[in-house]
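Written out below as structure tokens is the structure these notes cover.
The values are calculated or read from the model by the stated rules, or taken from the named source; none is laboratory data. Predicted model, so just to flag it, every value in this text is computed and none were measured. Don't worry about glycine lacking a Cβ; one is built from the backbone with ideal geometry, like all the others, and counts go over all protein chains shown.
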Amino acid sequence: MTCLTSIGQDVPFCDLKVIEGVSKVKIDISEFSRVDTLVNGHSYNVHFHCKNGTIVLGNIDKKGIMNGRWSFDRLNSTGYEGHIVGSFKDGKMDGYWAQGPYSSLYKRGKHIKTTRIPF
């Protein structure tokens with residue numbers, strides 16, 4: 001299932017480049033399609049496929065509030081270009097968010113710290 005905006009443009013979250021961008025952009029749940037899917041062992045109930053290749057999967061509760069795991073995957077012709085993943089609680093970023101070798105901790109939508117994960 002895909003859902004594109006009626007005016008034929010990608011929405012702001014389609015161009016996310018960094019974790020901090022998630023907290024700054026307005027994510028309108030009404031733009032999303034309902035799905036029941038499992039990806040890499042994680043369940044998602046909403047989906048948006050951007051024209052630029054970004055795929056957004058997430059979870060909302062019965063009231064339409066973001067709760068649970070969210071994934072923002074930027075794709076290009078050769079595969080993954082970037083991956084941002086983390087959780088929302090009551091519509092705010094909460095817990096650890098990961099992007100590449102970096103992990104950021106959020107509590108109730110506020111950034112606490114960012115660390116580099118050694119390989």
Can you pull out the residues in the range 1-30 that are polar (S, T, N, Q), loosely packed, with under 12 Cβ neighbours inside 10 Å and modelled with pLDDT under 85? T2, S6, Q9
If I go through the range 34-76 residue by residue, how many of them are touching an Asp or Glu at 6+ places or on another chain (Cβ under 9 Å) and assigned to a strand (DSSP E or B)? 12
Taking the conditions exactly as written (without any contact (Cβ under 8 Å) to a residue 24 or more places away in the chain, under 14 Å from the mean Cα position of the chain (by Cα) and closer than 18 Å to F13 by Cα), does V56 satisfy them or not? no
Just to verify a result, which residue in the range 82-105, among those that are under 19 Å from N52 (Cα atoms) and without any contact (Cβ under 8 Å) to a residue 24 or more places away in the chain, is farthest from the chain's Cα centre (by Cα)? H83
Confirm whether L57 is modelled with pLDDT under 90 and of a type in the set (A, V, I, L, M, F, W, C). no
